[in-house]
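**Student:** Dumping the structure here so I can ask a few things about it.
The values are calculated or read from the model by the stated rules, or taken from the named source; none is laboratory data. Keep in mind the model is a prediction, meaning the values are calculated, not measured. Here the Cβ is made from the backbone with ideal geometry for all residues, glycine too, and neighbour counts use every protein chain on show.
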Amino acid sequence: MALSHRLELRQGQGLVITPQLQQAIKLLQLSNIELDAFVEAELERNPLLHRDEGESEPAGEVEAERAASQTQLDAVADTTAGREMDAPAEDVSPGERATGDGAEPDQGAEHAGGQIDWSRAGGGGSFEGDDSYERALTDTPTLAAHLRAQLVQAALSPARNAIAEILIDAVDDGGYLRLDVVELAARLGCKLEMVEETLTVLRGFEPAGVFARDVRECLALQLQDLNRYDPCMAALLDNLELLAKRDMAALRRLCGVDDEDLRDMVAEIRSLSPRPGAAYHTEPAETLVPDVMVREGLGGMWHVELNTDTLPRVLVDQRYHARISKGARTDQEKTFVSDCMATANWLVKSLDQRAKTILKVSSEIVRQQDGFLAFGVEHLRPLNLKTVADAIGMHESTVSRVTSNKYIATPRGVFELKFFFTSAIQSSEGGEAHSAASVRHKIKGLVDAERTEADVHSDDAIVEILKAAGVDIARRTVAKYREAMRIPSSVERRRLMKEAV
């Protein structure tokens, strides 16, 4: 068969992600500090960008800034370093750089003196040159990360899991709990017993001694973990001030032991760690700034708005652009000015879109979880990323980025947006799904109602009872929930009842 050359035209569709679109996506998940650092870097390198603090600058400062920008423009003739920017790639045209997706630039962002409000979040990793993977391989994990890894395995109910997240956030670098559980229960609208039961579970995590409120409690938790906590040890811990004074005679009398036993007990105390969390990596404390504010209005409606107290304004100076454009003589100078304008427009547009997206996602989460805001943590509804994404017409990955390291201030406290996502148990009758918390409550109610050996329900029996009530659940899930609530098996419950008789 003969070989020949020919030209063909083909039409097709494809998704092209420009460098600007990639960075716009990254802006969604940037933390408060990272976003501020990124914008500050752009303000320093781009003479067309300015931060509007709401007050006019002294004329001298404005002129000094303009002179510095002109010096930067003049330097382009000698070096191409001034053209190296983080946002635009070398092979992207100025028109593409202005929009990030090939569309026309936002007209509202191009007018002279145009401005945009944007909010800042908290927590997160780096932006360019991300080395988080390498750090994960070499650095010791933080205490909070270590505790959260164990929390996943604890399989708590959504309500208790939400409480546990707050308690973990309240643990300091030494492993001590710096939060009043009574205040927490009142703020979350739940019973104090629920908070204390959750705290008991967390105190079983490693390292032993975490979530203690003082040194005595920390040492007691470690001794309990070693199965060495007895009345003599309790008496010794109650009188640590005598140990500090080395008043051994008084300790012997109070503990009811002889010299040898007291020496052994003191040696055990000294082998314990008064700061169990100190072995883990610590990070500098960051101020938690909520991105979104929620307040209750008339008629029980919830008002959602961006936190205006932390919304700096980024301006694109069109007049200065026109001025330096006239002064640009060489191709390098013209390219530099064009790149600066494209980058400025892109940043304004991206920050505007970021703020709108955060507000849109937050509003839907508040709508879905209004029961929690009104009645407390036990009223958290089953919620996942797909539900929110479908409701607002966005992709799940976008919702995931928006809810990472973003915080919302509510009448019940400040929470990360991911706090409001809980698991669900499907209905066997095709109705509305049941929250895992309500299913656990049903299981506990069945067990609490057992009065005799004949009343004890096996896991299979509980499955049948729940299915009859419209809850489609597997036996292994019942067993997992039962074990998470520290409920013995049916065989063990029957044995305990027999012993009690």
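**Student:** Could you list all residues from segment 228-251 that are closer than 24 Å to Gly209 by Cα, touching a Leu at 6+ places or on another chain (Cβ under 6 Å) and either among the hydroxyl-bearing types (Ser, Thr, Tyr) or loosely packed, with under 14 Cβ neighbours inside 10 Å (or both)?
**Tutor:** If the condition is that a residue be closer than 24 Å to Gly209 by Cα, touching a Leu at 6+ places or on another chain (Cβ under 6 Å) and either among the hydroxyl-bearing types (Ser, Thr, Tyr) or loosely packed, with under 14 Cβ neighbours inside 10 Å (or both), then Tyr229 is the only one that fits.
**Student:** Shifting gears a bit: Six or more apart or on different chains, Cβ under 6 Å: which pairs go from a residue in segment 459-475 that's not assigned by TED's automatic domain parsing to the domain that holds Lys444 to one that's at pLDDT below 85 and part of a helix (DSSP H, G or I)? Could you list them?
**Tutor:** Every condition considered, no pair remains.
**Student:** Looking at Ala235, is it without any contact (Cβ under 8 Å) to a residue 12 or more places away in the chain, more than 30 Å from Ile166 (Cα to Cα) and over 32 Å from the mean Cα position of the chain (by Cα)? Break it down into steps so the answer makes sense when it comes.
**Tutor:** On the way: without any contact (Cβ under 8 Å) to a residue 12 or more places away in the chain: no; more than 30 Å from Ile166 (Cα to Cα): yes; over 32 Å from the mean Cα position of the chain (by Cα): yes.
In short, no.
**Student:** Now, a different point. What is the residue count in segment 228-239 for residues that are outside any helix (DSSP H, G or I) and not basic (Lys, Arg)? Talk me through it step by step, then tell me what you get.
**Tutor:** Let us first name the residues in segment 228-239 that are outside any helix (DSSP H, G or I), namely 228-230, 238-239.
So of that shortlist, the ones also not basic (Lys, Arg) come out as 229-230, 238-239.
Result for segment 228-239: 4.
**Student:** Which residue, of Leu272, Leu251, is free of Cβ contacts under 8 Å to residues at least 40 places away in the same chain and not assigned by TED's automatic domain parsing to the domain that holds Thr410?
**Tutor:** Values: Leu272 fails: free of Cβ contacts under 8 Å to residues at least 40 places away in the same chain.
The conditions single out Leu251.
**Student:** Continuing with this model, one more query. I'd like to verify a number: residues in segment 209-227 that are assigned to a loop (DSSP other than H, G, I, E, B) and over 20 Å from Ala484 (Cβ atoms), how many? If you could, list the steps in order and put the result at the bottom.
**Tutor:** From segment 209-227, those assigned to a loop (DSSP other than H, G, I, E, B) are 209-211, 213-214, 226-227; that's our starting set.
Filter once more, so that each one left must be over 20 Å from Ala484 (Cβ atoms): 209, 213-214, 226-227.
Number of matching residues: 5.
**Student:** Could you please give the count of residues in segment 188-219 that are surrounded by fewer than 17 Cβ atoms within 10 Å (Cβ to Cβ), touching a residue at least 24 places away in the same chain (Cβ under 8 Å) and closer than 22 Å to Leu380 by Cβ? Explain how you work it out, then say what you get.
**Tutor:** Initially, segment 188-219 is screened for residues surrounded by fewer than 17 Cβ atoms within 10 Å (Cβ to Cβ), giving 189, 191-193, 196-197, 200, 204, 206, 213-217.
This time we only want the ones that are touching a residue at least 24 places away in the same chain (Cβ under 8 Å), so: 189, 197, 206, 213-216.
Checking which are closer than 22 Å to Leu380 by Cβ leaves us with 189, 197.
Residues in segment 188-219 being surrounded by fewer than 17 Cβ atoms within 10 Å (Cβ to Cβ), touching a residue at least 24 places away in the same chain (Cβ under 8 Å) and closer than 22 Å to Leu380 by Cβ: 2 in total.
**Student:** Looking at Asp180, Asp173, which one is surrounded by fewer than 21 Cβ atoms within 10 Å (Cβ to Cβ) and within 19 Å of the chain's Cα centre (by Cα)? Give the steps one after another, and end with the answer.
**Tutor:** Numbers: Asp180 fails: within 19 Å of the chain's Cα centre (by Cα).
Of the residues listed, the single one that is surrounded by fewer than 21 Cβ atoms within 10 Å (Cβ to Cβ) and within 19 Å of the chain's Cα centre (by Cα) is Asp173.
**Student:** Right, next: Are there any helices (runs of 4 or more DSSP H) wholly within segment 240-294 with 1 or more residues that are at pLDDT 90 or above and under 30 Å from Leu35 (Cβ atoms), and if so which? Before the answer, list the steps.
**Tutor:** Details: elements: 240-244, 248-255, 259-271.
Here the list is empty.
**Student:** Among the residues that make up segment 373-384, is at least one of them free of Cβ contacts under 8 Å to residues at least 60 places away in the same chain and under 18 Å from the mean Cα position of the chain (by Cα)?
**Tutor:** yes
**Student:** Restricting to segment 377-399, name every residue that is touching a strand residue (DSSP E or B) at 6+ places or on another chain (Cβ under 9 Å) and farther than 30 Å from Lys191 by Cβ.
**Tutor:** Result: no residue meets the conditions.
**Student:** Six or more apart or on different chains, Cβ atoms under 7 Å: show the pairs whose first residue is in segment 395-410 and more than 23 Å from Phe375 (Cα to Cα) and whose second is outside any helix (DSSP H, G or I) and polar (S, T, N, Q).
**Tutor:** Between residues of segment 395-410 that are more than 23 Å from Phe375 (Cα to Cα) and residues that are outside any helix (DSSP H, G or I) and polar (S, T, N, Q), the close pairs are Asn405/Ser31.
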